[in-house]
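Asker: This is the structure, below, for whatever I ask next.
The values are calculated or read from the model by the stated rules, or taken from the named source; none is laboratory data. Computed from a predicted structure; not experimentally measured. Cβ placement follows ideal geometry from the backbone for every residue including glycine, while neighbour counts extend to all protein chains displayed.
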There are 4 protein chains.
Amino acid sequence: MSDLTRVSLSLDQSLLDSLEQQVAKKGYENRSEFIRDLIRDHLARDQWLSGEEVLGTLTLIYNHHQRGVSEKLVEEQHHSGEHILASTHVHLSHEICAEMIMLRGSGSGIIKLTNALKQLRGVLHASLAMSTTGKDIS
Amino acid sequence: MSDLTRVSLSLDQSLLDSLEQQVAKKGYENRSEFIRDLIRDHLARDQWLSGEEVLGTLTLIYNHHQRGVSEKLVEEQHHSGEHILASTHVHLSHEICAEMIMLRGSGSGIIKLTNALKQLRGVLHASLAMSTTGKDIS
Amino acid sequence: MSDLTRVSLSLDQSLLDSLEQQVAKKGYENRSEFIRDLIRDHLARDQWLSGEEVLGTLTLIYNHHQRGVSEKLVEEQHHSGEHILASTHVHLSHEICAEMIMLRGSGSGIIKLTNALKQLRGVLHASLAMSTTGKDIS
Amino acid sequence: MSDLTRVSLSLDQSLLDSLEQQVAKKGYENRSEFIRDLIRDHLARDQWLSGEEVLGTLTLIYNHHQRGVSEKLVEEQHHSGEHILASTHVHLSHEICAEMIMLRGSGSGIIKLTNALKQLRGVLHASLAMSTTGKDIS
């Protein structure tokens, strides 16, 4: 976090009114914090599209009774060029496991790995949260 | 469009730098116009979630050789409480038609109609653009 | 629409039960129609990602009192290489217009045009419905 | 995983051809596995909309130098009625932390918690992966 700067912008009074209502409705402390969040969301989405380094968290739901699924999951992750920052495993039931995997790399690489893991036999669901390393958005 | 007001906000210098890069990259005239678009996008999404009156455009792709599909499409639209503002029909091929339908109403009502039309026999695809009546965002 | 073929697939009994519940809940006539819709949705999304010819409907909300906005809208549409199939204009209020524009072309070209139109001064909102020409999905 | 059942469905030959191309292109072992994944994706989305118990993974990026942010993060998580299954913390840089939090609960409750955490001062980004507990989709 660097030094705070003040910038000004022009808004129609009616748009400003709607903005103030949102700030209150969403429970934000003030208008600046609300607009900063809008800018950061935009920047994070742009990083995924423009090939910059991003952070993504992949959630897998799989049936560990399916023969070989754990080995294949590890293998695919190793073959991928994306950097795995952390991986946490949870037992949901006798059969079903949930795993969340935090990855750093290119957006396209992380999406490719998600698709590869999703189609492994035994994997029931794969979903991806698109986040950011925090670079250039703080 | 009402009177222009100036408001100021505080940003970290590094977030401001990233913002300026986006303004240039996306070809916006200035920073104010860029931030206004972020605010309007947020407000439009919020209107769909909070039950306010919204505008949506539904695109249907269907095979008009399927017996009765046109009649059923008209019938479903009439039964829906949403207000149809305009509807335009395009012949894509000997068999396939595209229709775009602009609706005004509640977000949930428009989504319900989309789902009802989608499952008619002969309808191949239905997609919805979530927009706004412009109220409170200009 | 070509000849109907019968194909079979294997499902766990519990997944089949959940499927049957969805078919009933969503009001589909039968299981085949439900699965066909899932396949078509997948194919339409894939066409947008893989550069095939697609159909998209762009909805613009704009303030026509903003000087020159109509001319710029027409100009941008002419400069774009995408083929405009139809365009319908609706007057929402004294100031606000809604326009829906059906386009045929590449997914990336249609997205690029959407972004260009969105940032014109006077344009309050732009949203895109991603659809298909019906080719290969009927 | 229960007993496998065979079901049959009717498809137009052209839709079947497109389906077969997708199965090959995406690297699936066979057509059944591909269709099962389409059904599961649909069921998981439906669970989020219909208030059933779901699993979600929330990714937070925050600046831990912001005073009190860690305490507030823990506090908000405790106040939420959703059940936290696991939480993993990663140090991205001197200032920036990433945290992934696996939650079980209602879709609306998890979305509400995501929004509450997102607006804490010091939190730069919050994103949510919408997954499933595996119930009714295996």
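Asker: Answer yes or no as to whether D:Ala86 is more than 29 Å from A:Lys135 (Cα to Cα), within 8 Å of another protein chain (Cβ to nearest Cβ) and not polar (S, T, N, Q). Quick ask: steps written out before the conclusion?
Answerer: Numbers: more than 29 Å from A:Lys135 (Cα to Cα): no; within 8 Å of another protein chain (Cβ to nearest Cβ): yes; not polar (S, T, N, Q): yes.
Against the criterion (more than 29 Å from A:Lys135 (Cα to Cα), within 8 Å of another protein chain (Cβ to nearest Cβ) and not polar (S, T, N, Q)), D:Ala86 does not qualify.
Asker: If I go through the stretch D:89-118 residue by residue, how many of them are touching a Gly at 6+ places or on another chain (Cβ under 9 Å) and more than 9 Å from chain A (Cβ to nearest Cβ)?
Answerer: Total satisfying the criteria: 10.
Asker: To continue, here is another question. Suppose the filter is within 22 Å of A:Ala24 (Cα to Cα) and free of Cβ contacts under 8 Å to residues at least 12 places away in the same chain; does B:Leu9 pass it? Outline the logic, then answer.
Answerer: Values: within 22 Å of A:Ala24 (Cα to Cα): yes; free of Cβ contacts under 8 Å to residues at least 12 places away in the same chain: yes.
Yes, satisfied.
Asker: Residues of the stretch D:82-138 being in contact with a Lys or Arg (Cβ under 6 Å, 6 or more places away or on another chain), outside any strand (DSSP E or B) and closer than 23 Å to A:Val90 by Cα, which ones?
Answerer: D:Ile137
Asker: Mind checking which residues of the stretch A:105-134 are surrounded by fewer than 18 Cβ atoms within 10 Å (Cβ to Cβ) and among the basic types (Lys, Arg)?
Answerer: Answer for the stretch A:105-134, where residues must be surrounded by fewer than 18 Cβ atoms within 10 Å (Cβ to Cβ) and among the basic types (Lys, Arg): A:Lys112, A:Arg121.
Asker: Quick one: which residue in B:Ala86, B:Ala98 is among the hydrophobic types (A, V, I, L, M, F, W, C) and surrounded by fewer than 18 Cβ atoms within 10 Å (Cβ to Cβ)? Outline the logic, then answer.
Answerer: Details: B:Ala98 fails: surrounded by fewer than 18 Cβ atoms within 10 Å (Cβ to Cβ).
On inspection, the qualifying residue turns out to be B:Ala86.
Asker: From the residues in the stretch B:1-49 that are more than 7 Å from every other protein chain (Cβ to nearest Cβ), surrounded by 15 or more Cβ atoms within 10 Å (Cβ to Cβ) and not charged (D, E, K, R), which one is nearest to D:Arg121 (Cα to Cα)?
Answerer: Within the stretch B:1-49, the match that is nearest to D:Arg121 (Cα to Cα) is B:Phe34.
Asker: Does the stretch B:49-66 contain any residue that is modelled with pLDDT under 90, more than 30 Å from A:Ser8 (Cα to Cα), among the charged types (D, E, K, R) and not in a helix (DSSP H, G or I)?
Answerer: no
Asker: Let me ask something else. With the checklist (1) under 18 Å from D:Leu19 (Cβ atoms); (2) at pLDDT 90 or above in hand, flag the one item C:Leu4 doesn't pass.
Answerer: (2)
Asker: Right, next: Can you pull out every residue in the stretch A:2-45 that is assigned to a loop (DSSP other than H, G, I, E, B) and on the phi < 0 side of the Ramachandran plot?
Answerer: Those that are assigned to a loop (DSSP other than H, G, I, E, B) and on the phi < 0 side of the Ramachandran plot: A:Ser2, A:Asp3, A:Lys26, A:Tyr28, A:Glu29, A:Asn30.
Asker: State which residue pairs qualify: first residue within 8 Å of chain B (Cβ to nearest Cβ) and inside the stretch C:51-71, second residue charged (D, E, K, R) and not in a strand (DSSP E or B) in any location, beta carbons under 7 Å apart, and separation of 6 or more residues or different chains.
Answerer: Correct list of pairs: C:Asn63/C:Glu95; C:His65/C:Glu95; C:Gln66/C:Arg121.
Asker: May I ask you to list the residues in the stretch A:119-138 that are under 12 Å from A:Leu60 (Cα atoms), within 7 Å of another protein chain (Cβ to nearest Cβ) and in contact (Cβ under 8 Å) with a residue 12 or more places away in the chain? Walk me through how you get there before you give the answer.
Answerer: Step one: of the stretch A:119-138, the residues under 12 Å from A:Leu60 (Cα atoms) are A:119-120, A:122-129.
Of the ones still in play, those that are also within 7 Å of another protein chain (Cβ to nearest Cβ) are A:119, A:124-125, A:127-129.
If the condition is that a residue be under 12 Å from A:Leu60 (Cα atoms), within 7 Å of another protein chain (Cβ to nearest Cβ) and in contact (Cβ under 8 Å) with a residue 12 or more places away in the chain, then A:Leu124, A:His125, A:Ser127, A:Leu128, A:Ala129 are the ones that fit.
Asker: Still on this structure, please answer the following. Tell me yes or no: at least one residue of the stretch C:49-71 is within 21 Å of B:Cys97 (Cα to Cα) and among the aromatic types (Phe, Trp, Tyr). It would help to see each step written out before you state the result.
Answerer: Keep residues of the stretch C:49-71 that are within 21 Å of B:Cys97 (Cα to Cα), which gives C:52-59.
Now restrict to residues that are among the aromatic types (Phe, Trp, Tyr): none.
Within the stretch C:49-71, not a single residue is within 21 Å of B:Cys97 (Cα to Cα) and among the aromatic types (Phe, Trp, Tyr).
Asker: So which of A:Ile84, A:Ile110 is out of contact with any Ser or Thr (no Cβ under 9 Å at 6 or more places or on another chain), more than 24 Å from C:Leu15 (Cα to Cα) and without any contact (Cβ under 8 Å) to a residue 60 or more places away in the chain?
Answerer: Working: A:Ile110 fails: out of contact with any Ser or Thr (no Cβ under 9 Å at 6 or more places or on another chain).
Unique residue meeting the criteria: A:Ile84.
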